[in-house]
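A.B. asks: Have a look at this one.
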Amino acid sequence: MVIMVDEYTSDSNGIYKRNVFSQFHHEPMPEYKFHEIGIYTGDISEVNPDAGIKFNGFDSAKAGWWLSKREFSTPEEYEVVDSVPYQQGEYDFSVLDNQRFFKARTIKYEFLIIDDDPQYRHGSFDQGMNELMRLPYKETDVDNAYMDLLDTGSPAYKFNVKCKSVSSSDDDEKGVMTVTVEFKGDPFAISRSSADEEIWDEIDFDNYLVQQTYYEINGELTLSLDNPGMPTPVELEIENSSDVVIRWPGESRSNPTIVKPITHIGAETIHGGNVTKILPSGNNNNIGFTGTGSVRLNFHYRMMY
């Protein structure tokens, strides 16, 4: 089951307009009369930024750092190419398993710390730099230095990165310190919610779809999954009483995946029913199951944002 939000909806006159939740939608501007709103005379530190990032316990808005610039670069691709004499162009063998492969990407932000007190500016910078660069103690997954970066500009997605550098340039005459923060990590933006969740604040309305990810298998089952982003790893958890045959998109029909049942020996559980597959980009990825049991597909969308 797939639930979509219509890209276009009709108004009372039957005229179709773009979905109001789309980031590309512009509300018509009513003709308001101009009126005096006054001038803010309070301390600038009393005004909180409404845009910024959260990373490793650091919240730029709460810290009073004003976001002035974002810089997202397209990650460099791992390319395997070859050519022969008298050929126009070259052969590109960079695709494997329906995937393109990219190197780590760099994300840069520029913030402003605005205050007449230079000691406050430097203190705020030092505190923020320490929070951004430190690695918190973890009892598990200690080998992975990447953590979630949340950006108010992409409320439906997160970036799996580490903070590479934090630098500053202070202008004492203007009372402004410019802070540059650079992150390095996974080339994709990853949806905060999994494919079967509907969390309002984590919905990308321009690519919004909710998919059923839990199914009961009793004989033959064919389901369809959509992937609006890049090819995505899908973890399949299969509780089965017998062997389950999976016919996955792009795989040979004559050589399907066979998943053994989960067995229990005393207190030990042998997880024969866990496999990971790559879901191709696009719509109507038909997947076939044959056997008896249940299947849960756990995955997040990956976008090139």
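A.B. asks: Near the amide H of residue 217, under 5 Å away, which other amide H atoms are found, from residues 5 or more places off or on another chain, if H is placed in the peptide plane?
C.D. replies: Amide H neighbours of residue 217, under 5 Å, 5+ apart: 293, 294, 295.
A.B. asks: Tell me, what % of the accessible area of region 49-165 is carbon and sulfur with a 1.4 angstrom probe? All intermediate terms of the calculation are to be shown ahead of the outcome.
C.D. replies: Working: 3640 of 7460 Å².
C and S fraction of accessible area: 49 percent.
A.B. asks: For region 63-138, compute the orientation-averaged projected area of the C-alpha convex hull (one quarter of its surface), in nm².
C.D. replies: Seen from a random direction, the Cα hull of region 63-138 projects 9.9 nm² on average.
A.B. asks: Using the Karplus curve 6.51 cos²θ - 1.76 cosθ + 1.60 with θ = phi - 60°, what ³J(HN,Hα) values do you get for each residue of region 195-208, in whole Hz, with x for Gly and Pro?
C.D. replies: Here the 3J(HN,Hα) series is 5, 9, 9, 10, 9, 3, 6, 10, 9, 8, 5, 7, 9, 7 Hz.
A.B. asks: Counting only protein heavy atoms and using a 1.4 Å probe, what share of the accessible area of region 181-302 belongs to carbon plus sulfur, as a whole percent?
C.D. replies: 46 percent
A.B. asks: Convex hull over the Cα atoms of region 96-182, averaged projected area in nm²?
C.D. replies: Working: hull surface 32.9 nm².
Its Cα hull, projected and averaged over all orientations, spans 8.2 nm².
A.B. asks: With a Förster radius of 30 Å, plug the Cβ-Cβ distance of residue 146 and residue 260 into 1/(1 + (r/R0)^6) and report the FRET value to the nearest 0.05.
C.D. replies: So, using R0 = 30 Å, E works out to roughly 0.40.
A.B. asks: Given labels modelled 7 Å from the Cα in the Cβ direction, how far is it in nm from residue 91 to residue 117?
C.D. replies: The two pseudo-label positions are separated by 6.8 nm.
A.B. asks: Here's a follow-up. Could you sort the peptides 102-111, 80-89, 200-209 by per-residue average Cβ neighbour count (10 Å cutoff), highest mean leading?
C.D. replies: Result, highest mean Cβ count within 10 Å first: 102-111, 200-209, 80-89.
A.B. asks: Taking 23 Å as the cut-off for C-alpha to C-alpha distance, list the pairs among 69/158; 69/184; 108/277 that go past it.
C.D. replies: Checking Cα-Cα distances, 108/277 exceed 23 Å.
The values are calculated or read from the model by the stated rules, or taken from the named source; none is laboratory data. Predicted model, so just to flag it, every value in this text is computed and none were measured. Glycine also receives a Cβ, built like all others from the backbone with ideal geometry; neighbour counts cover every protein chain displayed. In case anyone asks, the SASA skips ligands and DNA or RNA and just uses the protein heavy atoms, side chains included. Shrake-Rupley method; radii C 1.70, N 1.55, O 1.52, S 1.80 Å.
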